[in-house]
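Read the structure below first, then the notes.
The values are calculated or read from the model by the stated rules, or taken from the named source; none is laboratory data. Just so we're clear, the structure is a prediction, and the values are computed from it rather than from any experiment. Virtual Cβ from ideal backbone geometry, glycine too; neighbours counted across all protein chains shown. For the accessible areas, the whole protein counts, side chains as well, though only heavy atoms, and no ligand, DNA or RNA atoms are used. Shrake-Rupley method; radii C 1.70, N 1.55, O 1.52, S 1.80 Å.
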Amino acid sequence: MAEGMEEASIQEGQFGHTSRRIRLQTLIRLRWLAVAGQTLTVLIIWMLLDFSIPIVQAAILIGALAVANLILSSWFPATHRLGPKSALALLCFDLLQMGALLFITGGLSNPFAPLICVPVIIAFASQPLHHSLILLIFALLCTTALTFSPYPVPWYEGEHLIIQPIMQLGVWFAIASMMVFAAFYAYRVSHEASLLADALVATEMILEREKHLGQLDGLAAAAAHELGTPLATITVVAKEMQRELGHDERFSEDLQLLRSQSERCRDILRRLTSLPAEGEEHLRRLPLSSMMEEVIAPHRQFDIDIALVQKSDGKPEPVGVRNAGILYGLGNLIENAVDYAKSQVTISAEYDDQRVSIMIEDDGPGYSADILSRIGEPYMTSRTRERSEHAGGLGLGLFIAKTLLERSGASIRFSNRDDGKVGARIRIEWPRSIMDRTI
């Protein structure tokens, strides 16, 4: 199926969002922020609060981060994007620098110890999962090492802030759990945003393709008009050459072929020129019944019976301008219903003065409860956990269809049939005023 091919191509990384490469300049700016924050904190503790602190070691560690930033800024352009391994190496360096600074200032007793989670969150928000897991394990090891710090937390002279071992253990568990939770949350949000971005790019590609197909007739007419003049010149020259050289056996056959082919080209261009005149109104304006037949027609070739029921209550039929997004969206939903149906798909079109609604019902397995709450998410691949072998996809194609229909002003509701029959039901509804101008 076309939907399956589109989904596969996206999953293979056709679009750049799936590469998850972080820009070096972004990481450099975050590191400068870390340098400024660490420097300010150390100066406040050492000068303002007058706490005892290993200032030389702290200055060396902060300076190392600043020097690394300067080297990266001079070696690479601002637009450089880091590969997963390079990003992992830099984040490991940041984690090691932060861990070392915490180690010499009290370890887990330091109130700034939770900041060790920051590189891990950055990794899970921007890097592939397996690289991020490596950094998470390294961060947990660094956190564990902080529990064995022999350095006291900076405090008033003559006083020692004693942290009991059970408290140290509690802080370790708090930091570890926060690290894992924040990492998982950052990864899920980033991953879903990447999927959504990829799917929206695919949606734009579908719209562009449909728009391109809609413009072919106009392009054909323009091409026919432009080619008409040079072809007429060729025909006239061919006639003159046949009059002069037609009795010469060396040229007569070629000249006859030239004239016949030029006449054939003129016939083709004549037909191309007549296409807009013959079909312009049909292409521009489309009644609801014609739209439904056009959408259903490609799916009647299967063994599934498709019944179209139209209810009007005597109201005039909506007639509007052809909309490629609506045609594609409805076509995809009908294709999905045909894929899952056992024998029949029923499509009901109903309209009055206020609204236009289309309901698509099939006699397939319907939606499982857990899938129904997630329907329309990109890359969800089945209606039920146990996917039948003949069933079509329910992922990117459905997301594109839903997005296109909602862009046209429609509201979409997915449910299971409640009329005593088993199967799925999709209800699409537009305000009548929108449908009249967007069909």
Report summary line: Selection from segment 77-136 of residues polar (S, T, N, Q) and either more than 27 Å from the chain's Cα centre (by Cα) or farther than 18 Å from Q25 by Cβ (or both) yields Q97, T105, S109, N110, S132
Report summary line: If we keep only residues of segment 358-370 that are open to solvent by less than 10 Å² (accessible area, probe 1.4 Å) and within 28 Å of the chain's Cα centre (by Cα), then the residue modelled with the lowest pLDDT is G366
Query raised in the report: In segment 255-285, how many residues are touching a Leu at 6+ places or on another chain (Cβ under 9 Å) and modelled with pLDDT of 75 or more?
Result: 4
**Report entry** Top-ranked residue of segment 386-420 - restricted to ones that are modelled with pLDDT of 80 or more and part of a loop (DSSP other than H, G, I, E, B), ranked as nearest to Y367 (Cα to Cα)
**Finding:** R417
Query raised in the report: Checking I10 against (1) open to solvent by less than 50 Å² (accessible area, probe 1.4 Å); (2) within 36 Å of the chain's Cα centre (by Cα); (3) modelled with pLDDT of 90 or more, which test does it fail?
Result: (3)
Query raised in the report: Considering only residues of segment 140-155 that are in contact (Cβ under 8 Å) with a residue 40 or more places away in the chain and outside any helix (DSSP H, G or I), which is most open to solvent (accessible area, probe 1.4 Å)?
Result: F148
Query raised in the report: Among the residues of segment 165-179, is any at pLDDT below 85, exposed (fewer than 12 other Cβ atoms within 10 Å of the Cβ) and not in a helix (DSSP H, G or I)?
Result: no
Query - Residue that is assigned to a loop (DSSP other than H, G, I, E, B) and not hydrophobic (A, V, I, L, M, F, W, C), where the choices are G325, G366 - result: G366
Report summary line: For segment 311-365, the count of residues that are touching a Pro at 6+ places or on another chain (Cβ under 8 Å) and aromatic (F, W, Y) equals 2
Report task. Provide a single number: the residues in segment 292-330 that are buried (at least 19 other Cβ atoms within 10 Å of the Cβ) and without any contact (Cβ under 8 Å) to a residue 60 or more places away in the chain. Result -> 3
**Report entry** Test result for S433, at pLDDT 80 or above, more than 15 Å from A337 (Cα to Cα) and among the small types (G, A, S)
**Finding:** yes
Query raised in the report: How many residues are in contact with a Phe, Trp or Tyr (Cβ under 8 Å, 6 or more places away or on another chain) and surrounded by fewer than 16 Cβ atoms within 10 Å (Cβ to Cβ) when one looks only at segment 180-189?
Result: 1
